[in-house]
Amino acid sequence: MRAFVSALFLVFCANAAVGFEGVPLLLWGSSQGKALSPPALNSLASGHMLSENLPNTQYTVVFVGDKLSPEALNECGEKNCFPYLENVEQKTYFANVENPIGLLATIGHERKTEWVDAGSKVTPEAGKITFVTLTPGDFSTQDAEIAQTVKDIEFAGFKNSVFIYTAKHNEVAEDNIVNRRIKREVTNKQDEPTEEPIIFFRDNETYIISYTEISYVAAGAAGPVVLNFTSAAVSRLNDTETGIALDLMGEGPKLSFHIISEHGRWWVERLLYEEKEYYLNTYIGTHIGFSFACTPTSIFFSQEEVSPNQFNKLQITRLQLEPRFTTDNTEPFVGFSDPWDCVGFVSPGILGGLFVTILLLVILAAGLSWIMEIRTMDRFDDVKGKTITINVNE
């Protein structure tokens, strides 16, 4: 216990000295035990060291908390918040890692990734990375969830595994930001929206896709049902080089994007769920070399009526997609290319505002022109003088 508290205290001191706003990362597993120095690392050094410690032959489980900091770990060490993690003999500490979730999502060249909630069943597989979202706000509960998941994996007989515990946000850094905002804005304080987890699939040579949520709304149903896809695969359409089918697969029916490429552009020609086609109410496509991005929720209606004026719906939130149709002389995907957003630069509201402004300017110009055409008399009678006589010619 004292060794654990001492190690966390050193992490706290290093964080205070260097001043990074990253998050801690704890690494343990079948081939761990090496101590890393210095304790505070930037994202480049962390990515290099993590790549060396996560070979393709191992199964990697990343436990993701909501908030974490060296200071919180130091306090929790004294309160015994992590009874399971304290008993792990061989573990490696990264005191500060900038954006560890994004860093881990891009490690490796041929990795399968999946996101699950704590308590869900995981399927160990060599080279696979599973992100487990822990219960927010309670470190003791997170420790118990970590212990149970590790126990389930060991019970399944898969021993070649690496485990990582980290978080999305630095608790202390976020508190400081909130305090500075309070000082600047005494009134009208608003809470920052929570960041939703992004589900991410990719094949380094063929496709890369991410989204926040995909839900299905059956006709007449009370509400949407969230679809949990755990893997993705691609295949050629009709054995051609200009079309691919990207399938998202999970426990239920698959969702298929039929993507066509021609004349320097690519687009989704068909969207299928349960082998039934849906209207593409949002155009998904752009130039080759760009990714398509759509932050608002896109809604797609089924082409077949379930009942009179009743249709099934698919809802996709924060979709980003980029296919690749040839791998000649191209580098593997490490991230999305420049995005082409579905929300155009000129929206209907902007067009309406411009129309009203131009109309008002035309009315103003006409009014000024009419006012400037008003003429007044330049000769007036003098009551004491001679009467002015104006000829008709004048």
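Annotation: Lys128 fulfils all but one of (1) in contact with a Phe, Trp or Tyr (Cβ under 6 Å, 6 or more places away or on another chain); (2) open to solvent by 30 Å² or more (accessible area, probe 1.4 Å); (3) basic (Lys, Arg); the unmet one is (2). The combined condition, being among the aliphatic types (A, V, I, L, M), over 30 Å from Val132 (Cα atoms) and at pLDDT 90 or above, is fulfilled by Ile259.
Test Gln310 against the stated conditions and say whether it is open to solvent by 70 Å² or more (accessible area, probe 1.4 Å) and in contact with a strand residue (DSSP E or B) (Cβ under 7 Å, 6 or more places away or on another chain). When the stated conditions are applied, Gln310 does not pass them. Listed by first and then second residue, the pairs linking a residue in region 129-148 that is in contact (Cβ under 8 Å) with a residue 12 or more places away in the chain and of a type outside the set (Asp, Glu) to a residue that is loosely packed, with under 15 Cβ neighbours inside 10 Å and in a strand (DSSP E or B), with Cβ atoms under 6 Å apart and 6 or more places separating them unless they lie on different chains, are Thr133/Asp117. Checking region 319-329 against the condition returns no match, with no residue being surrounded by fewer than 17 Cβ atoms within 10 Å (Cβ to Cβ), touching a helix residue (DSSP H, G or I) at 6+ places or on another chain (Cβ under 9 Å), closer than 30 Å to Thr123 by Cβ and at pLDDT below 90. Taken over region 299-314, residues that are without any contact (Cβ under 8 Å) to a residue 24 or more places away in the chain and of a type in the set (Gly, Ala, Ser) amount to 0.
Among the candidates Glu277, Glu269, Glu304, Glu322, the residue that is out of contact with any Gly (no Cβ under 6 Å at 6 or more places or on another chain), on the phi < 0 side of the Ramachandran plot and assigned to a loop (DSSP other than H, G, I, E, B) is uniquely Glu304.
Of all the listed residues (Asn188, Asn281), the sole one being at pLDDT below 90, closer than 16 Å to Ile316 by Cα and open to solvent by 80 Å² or more (accessible area, probe 1.4 Å) is Asn281.
Among the residues of region 110-121, those that are open to solvent by 20 Å² or more (accessible area, probe 1.4 Å) and in contact (Cβ under 8 Å) with a residue 24 or more places away in the chain comprise Glu110, Lys112, Trp115, Ala118, Gly119, Lys121.
The values are calculated or read from the model by the stated rules, or taken from the named source; none is laboratory data. Computed from a predicted model, the values in this text were never measured in an experiment. Note that each Cβ is placed from the backbone with ideal geometry, even for glycine, and that neighbours are counted across all protein chains shown. Surface areas here come from the heavy atoms of the whole protein model, side chains and all, with no ligands, DNA or RNA. Shrake-Rupley method; radii C 1.70, N 1.55, O 1.52, S 1.80 Å.
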